[in-house]
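Structure, as structure tokens:
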Amino acid sequence: MVGRKRTERAAFEAAYPGYRSTSRIDELRASEYGYLDERGETYLDYAGAGLPARAQLRAHAGRIAAGYFGNPHSDSPASTASTELVEHTRAAILAHFNADPAEYAAIFTPNATGACRLVGEAYPFGPGTRLVLTFDNHNSVNGIREFARARGAVTSYVPLTPELRVDEPALAAALGSAPRSGGGRPGLLALPAQSNFSGVQHPLRLVELAQRLGYDVLLDAAAFVPTNRLDLSRVHPDFVPVSWYKVFGYPTGVGCLLARREALQRLRRPWFSGGTIQAVSVQGDWHLLAGDESGYEDGTVNFLSIPDVAFGLSWLDGIGLDTVHRRVGQLTGWLLHRLGTLRHGTGAPLVRVYGPSTVDGRGATVAFNFLDPAGRIVDERIVGRDAAAARISLRTGCFCNPGAGEGAFDIPVDALTGSIRRQPRTIDEYLELIGLPSAGAIRVSLGIASNLADVERLVEFAGCYRDIEPDRAGLSPRLRC
């Protein structure tokens, strides 16, 4: 076993000699993320949530213990202390994205979902406008269609290629076919910078394409920014949702919407709340929203946790986002290679990967299924249970991205609409109606503390399914390891 692992590491280092330049992360893995190895855990769900460094938790405790902080909506010493930290964090966020403060605002939300909802509820949809979405979108983006439809806008979806990339000619056609209403903007395009399902990275040039045709663009960056640099001085989406716990694990409950100030002027919030207004009258039935970012925030922001974002960004800068990007890219390439070599005794493949089979145009997220010797999918729910028993944290299902899943499994639209009309009562009945043997895929994702041992542990676990027939009653296969 030891000799085989040495051989595998030598092969990896020969294929990716640049990996040694990321050794700083191995040092941090031991000191700041040591709770993983101390507990024998393999964490492969960075697309679900990042992991916090111990330094982040110490910084939070130290700041709270050393000072006192109050509701920012006042001029008291406690309020001023909070306001200064919140505004410092806004500036740090804009600097991280190389965003000009004169062009972009950073609006605090509970998460990326809250940022998407803010745009959806306030965007000026109406008859004659359009919401264009790609099949590959998180449900927090898909949900914007309900706001659009409620106001009479047309919603259209753009399909994916077999590699689960956006069909660019189809996108250009969908954007070009939108009529202008009274000379105004045709509507909103919403797409992810990186798929949370497959790891596909969609070309950022699509932002400029849509904007040239008059569209506003919502670029969902939640899955992209943890390991990739988004430079808002080079690409200028109108709205960018982000969840900070996906970037560096802590804090949860804090996200933001990066928005072009010019685009913000087109939003019309359907309500107001404490902290969002300059003035309001009950008897006069009138209110005036605040003219700055606070007009788009809801009540009192999370002033005790928002400063942790600034520390997290400083922590990430100290490691080097480019270093993290390089490291996870090389580990992803090796993971794809290793999964592709796994075979049953018959020579049949053990793994089916969805999306690109190389690192070209993809991030550090890989979706796949195990196959039995006959080529049938091993129920991912069984794999999820087995992985948990092996102390491996991965994710199974459709990952809140039904469009990418429908594309990966090549489900025809008539099967979907027909099954819904028959109103299935359980997930298994639904799967039977659409002809799927499994509820979804397996997703592994790499991040800031990932190392080669994590990848090799997953490959070792995958080998447990070699030449094993799944139990069709839904019980776990009798694994050998």
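The values are calculated or read from the model by the stated rules, or taken from the named source; none is laboratory data. Since this is a predicted model, take the numbers as computed values, not measurements. Cβ: placed from backbone, ideal geometry, glycine included. Neighbour counts: every protein chain shown.
All conditions in (1) surrounded by 15 or more Cβ atoms within 10 Å (Cβ to Cβ); (2) at pLDDT below 95 hold for V235, with the sole exception of (2). Scanning the stretch 180-201 turns up at least one residue that is outside any helix (DSSP H, G or I), at pLDDT 95 or above and among the hydroxyl-bearing types (S, T, Y).
In the stretch 132-175, which residues are among the hydrophobic types (A, V, I, L, M, F, W, C) and over 21 Å from the mean Cα position of the chain (by Cα)?
Step one: filter the stretch 132-175 for residues among the hydrophobic types (A, V, I, L, M, F, W, C), giving 132-133, 135, 141, 144, 147-148, 150, 153-154, 158, 160, 164, 166, 170-175.
Matches in the stretch 132-175: F147, A148, A150, A153, V154, A170, L171, A172, A173, A174, L175.
You will find that of P251, P270, the residue that is surrounded by fewer than 18 Cβ atoms within 10 Å (Cβ to Cβ) and either within 24 Å of S233 (Cβ to Cβ) or modelled with pLDDT of 80 or more (or both) is P270 and no other.
Can you pull out the residues in the stretch 319-348 that are crowded, with 17+ Cβ neighbours inside 10 Å and in contact with a strand residue (DSSP E or B) (Cβ under 7 Å, 6 or more places away or on another chain)? Answer for the stretch 319-348, where residues must be crowded, with 17+ Cβ neighbours inside 10 Å and in contact with a strand residue (DSSP E or B) (Cβ under 7 Å, 6 or more places away or on another chain): T332, L335, L336, L339. When you look at A92, is it assigned to a helix (DSSP H, G or I) and either surrounded by fewer than 15 Cβ atoms within 10 Å (Cβ to Cβ) or more than 26 Å from the chain's Cα centre (by Cα) (or both), yes or no? No: the conditions fail for A92. When restricted to residues that are surrounded by fewer than 17 Cβ atoms within 10 Å (Cβ to Cβ) and in a loop (DSSP other than H, G, I, E, B), the stretch 349-372 contains 4.
Pull up the stretch 273-289, narrow it to residues that are of a type in the set (V, I, T) and touching a Gly at 6+ places or on another chain (Cβ under 8 Å), then point me to the one that is surrounded by the fewest Cβ atoms within 10 Å (Cβ to Cβ). My answer is I277.
If you go through the stretch 117-135 and keep only what is among the aromatic types (F, W, Y) and over 15 Å from A150 (Cα atoms), you end up with just F135. Scanning the stretch 373-409 for residues that are free of Cβ contacts under 8 Å to residues at least 40 places away in the same chain, farther than 26 Å from G40 by Cα and in the same structural domain as L350 (by TED's automatic domain parsing) yields A374, G375. Considering the stretch 214-232 alone, what residues qualify as being surrounded by 19 or more Cβ atoms within 10 Å (Cβ to Cβ) and farther than 27 Å from L446 by Cα? Residues satisfying the conditions are Y215, D216, V217.
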